[in-house]
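The values are calculated or read from the model by the stated rules, or taken from the named source; none is laboratory data. Being a predicted model, the structure only gives us computed values, none of them experimental. Heads up, the Cβs are rebuilt from the backbone with ideal geometry, glycines too, and the neighbour counts pull from every protein chain shown.
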Amino acid sequence: MYSDHARIPPLRAIFEAAKRFGLTEDEVWRAVDESLYEAGRGATISEYLEDLTGALAQRILSKQRHTPSRERRSAPEERRVPFEELF
């Protein structure tokens, strides 16, 4: 992979967001592995992260759809992330 110099959020922020929306750490890492495999060696970091965030979003939605409403967690507490941590 090579960088196309686009500003991207840190992986830690992406992982934490996915976990706040209901994924387990194992589910996040499975999405990482699958996205890396699907992106292939020629993908840029930005392309990989776009695939990863899409895969995480699909997993979050799928999990929410298959979880009975009484078992769902309430909306995550809003945490303000300092601007410098976003990039």
Of those in the range 60-71 that are charged (D, E, K, R) and free of Cβ contacts under 8 Å to residues at least 40 places away in the same chain, the residue farthest from Pro10 (Cα to Cα) is Arg70
Contacts under 8 angstrom Cβ, first residue in the range 43-54 being of a type in the set (Ser, Thr, Tyr), partner surrounded by 15 or more Cβ atoms within 10 Å (Cβ to Cβ), 6 or more apart = Ser46/Ile8; Tyr48/Ser35; Tyr48/Leu36; Tyr48/Ala39; Thr53/Ile14
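Quick one: is Val32 of a type outside the set (Lys, Arg), in contact with a helix residue (DSSP H, G or I) (Cβ under 6 Å, 6 or more places away or on another chain) and modelled with pLDDT of 90 or more?
In short, no.
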Residues Leu52, Leu36: which one is aliphatic (A, V, I, L, M), surrounded by 14 or more Cβ atoms within 10 Å (Cβ to Cβ) and within 15 Å of Pro9 (Cβ to Cβ)?
-> Leu52
Any residue in the range 50-62 that is more than 13 Å from the chain's Cα centre (by Cα) and at pLDDT 90 or above?
-> yes
